[in-house]
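Computed from the coordinates by the stated procedures, all read-outs in this text should not be read as laboratory data. Being a predicted model, the structure only gives us computed values, none of them experimental. Positions of Cβ are backbone-derived with ideal geometry, glycine not excepted, and every protein chain shown enters the neighbour counts.
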Amino acid sequence: MELAQMYFPYIQPRSAWLKLKSLLSEYPSLEHLTKLKRRTFLPMEVNIIYQHLGQP
């Protein structure tokens with residue numbers, strides 16, 4: 001959720017999380033991250049997100 005709030009700092013945490021998941025689902029190589037049962041990403045996963053979306 002912290003990462004989601006970094007990308008979307010002006011909306012509520014839950015809304016930011018849902019928006020980040022929606023954004024990730026637009027990329028086939030990141031779509032698997034939306035199906036995780038956890039709300040945290042591993043450092044490797046964050047690096048992959050940064051590669052596709054850029055740093056917040």
### Summary
Within the range 9-35, residues being surrounded by 13 or more Cβ atoms within 10 Å (Cβ to Cβ), free of Cβ contacts under 8 Å to residues at least 24 places away in the same chain and assigned to a loop (DSSP other than H, G, I, E, B) number 2
### Task
For Met1, work out the one condition from (1) surrounded by 14 or more Cβ atoms within 10 Å (Cβ to Cβ); (2) within 9 Å of the chain's Cα centre (by Cα) it doesn't fulfil.
(1)
### Message
So, Lys37, is that one charged (D, E, K, R) and under 9 Å from the mean Cα position of the chain (by Cα) or not?
### Response
no
